[in-house]
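For reference, the structure is listed below as structure tokens.
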Amino acid sequence: MYLEIFAILLTTVFVWDYLRNRRHNKMYAAAGIRGPRRYPLIGNALMMIKESPKTVFDLQFRLIAEFGKNIQIQILGERGFMTADPKMIEAIMSNQQTIQKNNLYGLLHSWLGEGLLVSKGKKWFRRRKIITPTFHFKILEDFVEVFDQQSATMVQQLYDRADGKTVINMFPVACLCALDIIAETAMGVKINAQLQPDFPYVQSVKTASAMLAERFMNPLQRTDPSMKLFYPKLFTKLNDAVKNMHDFTSKVITERRDLLQKSIAEGGGANGNVNAAPLNDVGQKRRLALLDVLLQSSIDGAPLSNDDIREEVDTFMFEGHDTTTSSIAYTCYLLARYPEVQARVFQEIRDVIGDDKSAPVSMQLLGELKYLECVIKESLRLFPAVPLIGRHITEDTVLDGKLIPANSDVIILIYHAQRDPDYFPEPEKFQPERFSMERKGEVNPFAYTPFSAGPRNCIGQKFAMLEMKSSISKMVRHFELLPLGKDVQPVLNLILRSSTGINCGIKPRVY
């Protein structure tokens, strides 16, 4: 009796699963998109049992070799495909109908709310329009001073380990510097993360970033109910960290709004002009923070409450520290292992900035470091800070001549597309010359998308490039980078990390 009931239930579930996926499967077959064998209910989940964040890149390369650059995939209830095909990537990134992020980004909701990274539809469009002026070149010009000062703090903190023998993991070093930079530029406050790494806000950011990265990879942490059930202490720890960050950000916003209102009342003026900064206590113009522009937009009639602004400031903090941390660390790693490239970077820095290690840099000088820019771009090709992007297709859509069914989740494999030998000869080699002016136009803009592309590209990419140039040039001015420590083992995560650290050694330059 019980066996018969179980058999009926099981058959019913299998039939429901077949009918649910039948249209999807037919449309993918018609589009010529194939994938590994799928099983009822679980899809391709069995394929992932033996995989880890360290091995999944190799798995994806194997799937590409077997099924092509577009691969149908189903993990439990998530159905769709992965792509490393620049033609398909162009179709997705250029289409206004495919700009919605997929469900995995919901893991960030507790921290970021519906900020620019995860918002969708009209809300995303309105926020993007409001936030774009925060990256006006005049504001970025002021930020270069912050980049330079915080990079100087970073190198000073490293001198006690600059013996040419000590292995230094550059990820945590760059992380504290990036936190100091983004806090000062986004919120207008100094948190002194490099000098006070135990500061509560700094610890909360590091805790939340690490735990959200773990949630991304661990299915039992994907939803709040399952995390509460299986990891109750971790769930409480994450919520405490998020609350601490929200309390800190809210306090800064309130204080900054009061300051701006006072400045307006006293004639310091803010009429939507991106150059209109509040005055300090002695009547001098303060450096404008990204937060100030958001506050001015709110005062000038844009529908931004304190909570709205906090979402965007928290998004700046999240996106603006981990991504540049990864990029700076990996670039230092590569420079250490390619001394001839490092020597050329060093010579360019001397030619442009001079031999005074303490001389400040300007936006103009950073712009003249053309070869360093090629080095950073090639580093981002090999080790993109964001190794994949998720999108959700809400309605039947033709992409690259293929009809893709509604309710499809798409994973754009940036890491793999940027190592495609069809677009990058000898893809595993570190060759900054790929991005030289002489070869401009040779790189397919959708084979190389470390900052994404299309309407949902990274709004802060100019900010990031200036920060990376400033920090890396400061390192090379002060130190010779040496190939010490284990080689990197890239780990698939929200942000590209390495299970072995991103290591090098340093010794002071004498010149």
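The values are calculated or read from the model by the stated rules, or taken from the named source; none is laboratory data. Keep in mind the model is a prediction, meaning the values are calculated, not measured. Glycine gets a Cβ as well: all are built from the backbone with ideal geometry, and neighbour counts include every protein chain shown.
For the range 158-209, enumerate the residues that are basic (Lys, Arg) and either crowded, with 22+ Cβ neighbours inside 10 Å or under 24 Å from residue 497 (Cα atoms) (or both).
161, 165, 206
Taking strands (runs of 3 or more DSSP E) that fall entirely within the range 394-458, which contain at least 3 residues that are touching a Gly at 6+ places or on another chain (Cβ under 7 Å) and either within 17 Å of residue 86 (Cβ to Cβ) or of a type in the set (Val, Ile, Thr) (or both)?
Ranges flagged: none.
Going through the range 26-38 one residue at a time, which ones are under 26 Å from residue 11 (Cα atoms), in a loop (DSSP other than H, G, I, E, B) and at pLDDT 90 or above?
Residues satisfying the conditions are 35, 36, 37.
Quick test of your reading of the structure: residue 270 fulfils all but one of (1) over 18 Å from residue 307 (Cα atoms); (2) at pLDDT 95 or above. Name the failing condition by number.
For residue 270, the failing item is (2).
If I go through the range 117-132 residue by residue, how many of them are under 11 Å from residue 459 (Cα atoms) and either in a loop (DSSP other than H, G, I, E, B) or at pLDDT 90 or above (or both)?
1
I want to confirm something. Restricting to the range 164-206 and keeping residues that are of a type in the set (Gly, Ala, Ser) and on the phi > 0 side of the Ramachandran plot, which single residue is nearest to the chain's Cα centre (by Cα)?
So, considering only residues that are of a type in the set (Gly, Ala, Ser) and on the phi > 0 side of the Ramachandran plot, the one nearest to the chain's Cα centre (by Cα) is 188.
State yes or no: is residue 236 of a type in the set (Ser, Thr, Tyr), surrounded by fewer than 19 Cβ atoms within 10 Å (Cβ to Cβ) and at pLDDT 95 or above?
yes
Is it the case that residue 82 is in a strand (DSSP E or B) and buried (at least 20 other Cβ atoms within 10 Å of the Cβ)?
Against the criterion (in a strand (DSSP E or B) and buried (at least 20 other Cβ atoms within 10 Å of the Cβ)), residue 82 qualifies.
Of these, 367, 441, 390, which one is surrounded by fewer than 21 Cβ atoms within 10 Å (Cβ to Cβ) and modelled with pLDDT of 95 or more?
367
Does residue 103 qualify as being under 29 Å from residue 489 (Cα atoms), of a type in the set (S, T, N, Q), buried (at least 17 other Cβ atoms within 10 Å of the Cβ) and in contact (Cβ under 8 Å) with a residue 24 or more places away in the chain?
No.
Restricting attention to the range 14-63, and to residues there that are over 23 Å from residue 404 (Cα atoms) and among the basic types (Lys, Arg), which single residue is surrounded by the most Cβ atoms within 10 Å (Cβ to Cβ)?
54
For the range 326-360: of the residues being closer than 21 Å to residue 170 by Cα and not in a helix (DSSP H, G or I), which is farthest from the chain's Cα centre (by Cα)?
Among them, the one singled out is 357.
If you go through the range 93-105, how many residues are over 9 Å from residue 446 (Cβ atoms) and not in a loop (DSSP other than H, G, I, E, B)?
Within the range 93-105, residues that are over 9 Å from residue 446 (Cβ atoms) and not in a loop (DSSP other than H, G, I, E, B) number 7.
Please go through the range 225-243 and give me each residue that is in contact with a Ser or Thr (Cβ under 8 Å, 6 or more places away or on another chain) and under 15 Å from residue 106 (Cβ atoms), ordered by number.
Once the filter is applied, which keeps residues that are in contact with a Ser or Thr (Cβ under 8 Å, 6 or more places away or on another chain) and under 15 Å from residue 106 (Cβ atoms), the range 225-243 yields 238, 242.
Considering each of 423, 511 in turn, give the residue that is of a type in the set (Ser, Thr, Tyr), surrounded by fewer than 21 Cβ atoms within 10 Å (Cβ to Cβ) and closer than 19 Å to residue 348 by Cβ.
Every option except 511 fails the conditions.
Among (1) among the charged types (D, E, K, R); (2) over 30 Å from residue 403 (Cβ atoms); (3) at pLDDT below 95; (4) assigned to a helix (DSSP H, G or I), there is one condition residue 114 misses while meeting the rest; what is its number?
Here residue 114 meets the rest and fails (4).
For the list (1) modelled with pLDDT of 90 or more; (2) within 18 Å of the chain's Cα centre (by Cα); (3) not hydrophobic (A, V, I, L, M, F, W, C), I need the number of the one condition that residue 105 fails.
Every listed condition holds for residue 105 apart from (1).
Is it fair to say residue 209 is closer than 29 Å to residue 305 by Cβ, touching a residue at least 60 places away in the same chain (Cβ under 8 Å) and over 23 Å from the mean Cα position of the chain (by Cα)?
So residue 209 does not fit the description; no.
If only one of 59, 41, 63 is touching a helix residue (DSSP H, G or I) at 6+ places or on another chain (Cβ under 8 Å) and either of a type in the set (S, T, N, Q) or assigned to a helix (DSSP H, G or I) (or both), which one is it?
59
Give me the pairs: first residue in the range 399-426 and at positive phi, second residue part of a strand (DSSP E or B), beta-carbon distance under 8 Å, and six or more apart or on different chains, which are they?
407/79; 407/392; 407/393
Does the range 325-339 contain at least one residue that is touching a helix residue (DSSP H, G or I) at 6+ places or on another chain (Cβ under 9 Å), free of Cβ contacts under 8 Å to residues at least 40 places away in the same chain and either surrounded by 19 or more Cβ atoms within 10 Å (Cβ to Cβ) or of a type outside the set (A, V, I, L, M, F, W, C) (or both)?
no
Pull out all pairs, ordered by first then second residue, where Cβ-Cβ is under 9 Å, the residues are six or more apart or on different chains, the first lies in the range 431-460 and is under 19 Å from residue 96 (Cβ atoms), and the second is among the acidic types (Asp, Glu) and surrounded by fewer than 20 Cβ atoms within 10 Å (Cβ to Cβ).
Listed by first residue and then by second, the contacts come to 445/90; 446/90; 453/90; 454/90.
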